[in-house]
Amino acid sequence: MNIVLLGPPGVGKGTQAKRLSAALGIPQISTGDMLRAAVSAATPLGLEAKSQMQSGGLVSDDVVIGLIRERLQAEDAREGFILDGFPRTLSQAQALDQMLSQGGKSLDSIIHLTAPDDEIVKRLSGRMLCQSCGAIFHDSVNPPSRGGVCDVCAGPVVRREDDHPDVIRERLKVYAEMTEPLVQYYGERSGYATVSAVESPDSVQAKLLKLLGRGS
Ligand code: AP5
């Protein structure tokens, strides 16, 4: 099953991608996580991406398309994948279609998660992330049970650098300008669906699994 999760920053793409990955046994592929790992490791790619990520802008299409092209060739993505944070521009969406069709594949499901901006700002302002395993928490919705320690791997739980109010505003602006047009690009395809994410993470997950034919 080849799935794209589309939606604004903070809508819950990462939260749901992790849950779907566990439920469906296919990998979550997050360009944000891949880029953050490159920034932490100070690789040439990370050094190139760092300033764009800190300011809430987009990393260049060439860089992220290259990352995805390589990642989709890995063994664990043969039976399916959940793309989280990619594509984010028309060029990225066209490149994805092209690379899938070259392998005789296509997207089965494009799920557009939605939430109003004030809910998104609340979610991002309280978000915490495990630096080791990437588990996602929120200081009021799902706080880690032992303060700054991850419930999954006991790693350190921190705030993301780009969850600063000014950067959140910029990310929402960039989403509206660069990524929202993908709703038109995908809107008429079979497999496209819009799902409100303004419910608990469990309820959103149940709706997604039902949509994917795996829930009751
Ligand atoms: P990326 O990491 O992809 O960030 P994003 O799209 O802004 O999305 P987020 O990770 O912020 O939010 P999310 O939707 O995953 O929400 P989450 O589940 O964490 O990208 C970061 C940067 O990398 C970009 O700005 C860009 O610079 C660069 N980049 C990445 N991909 C790129 C690409 N393709 N092209 C170019 N540049 C790229 O949830 C948020 C919070 O809400 C959490 O605290 C969570 O606990 C809480 N929450 C989740 N669901 C619910 C719910 N149902 N109810 C209440 N709270 C909830």
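The values are calculated or read from the model by the stated rules, or taken from the named source; none is laboratory data. Nothing here was measured: the structure is a model prediction, and the numbers come from that model. Quick reminder, even Gly has a Cβ in these numbers, built from the backbone with ideal geometry, and neighbours come from all protein chains shown.
Here are the numbers for this structure:
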{"item": "Residues satisfying the stated conditions in region 58-75, i.e. more than 9 Å from the ligand (Cβ to nearest atom) and under 18 Å from the mean Cα position of the chain (by Cα)", "result": "66, 69, 70, 71, 72"}
{"item": "Any hit, region 106-116, residues being part of a helix (DSSP H, G or I) and within 23 Å of residue 87 (Cβ to Cβ)", "result": "no"}
{"item": "Candidate set from region 170-190 (those that are more than 18 Å from the chain's Cα centre (by Cα) and touching a residue at least 24 places away in the same chain (Cβ under 8 Å)); member that is farthest from residue 3 (Cα to Cα)", "result": "185"}
{"item": "Only listed residue being in contact with an Asp or Glu (Cβ under 9 Å, 6 or more places away or on another chain), over 19 Å from residue 32 (Cβ atoms) and polar (S, T, N, Q), chosen from 125, 145, 196, 140", "result": "145"}
{"item": "Hits in region 96-122 - residues which are surrounded by fewer than 16 Cβ atoms within 10 Å (Cβ to Cβ) and either among the aliphatic types (A, V, I, L, M) or in contact with an Asp or Glu (Cβ under 8 Å, 6 or more places away or on another chain) (or both)", "result": "99, 100, 106"}
{"item": "Among residues of region 22-48, those that are modelled with pLDDT of 95 or more, under 15 Å from residue 135 (Cα atoms) and of a type in the set (A, V, I, L, M, F, W, C), counted", "result": "3"}
{"item": "Residue count, region 76-108 (criterion: more than 19 Å from residue 171 (Cα to Cα) and more than 15 Å from the chain's Cα centre (by Cα))", "result": "20"}
{"item": "Residue that is farthest from the ligand (Cβ to nearest atom) [pool: residues in region 123-161 that are crowded, with 17+ Cβ neighbours inside 10 Å and within 17 Å of residue 21 (Cβ to Cβ)]", "result": "130"}
{"item": "Pick from region 17-50, criterion within 9 Å of the chain's Cα centre (by Cα) and closer than 26 Å to residue 117 by Cβ, ranking: surrounded by the fewest Cβ atoms within 10 Å (Cβ to Cβ)", "result": "33"}
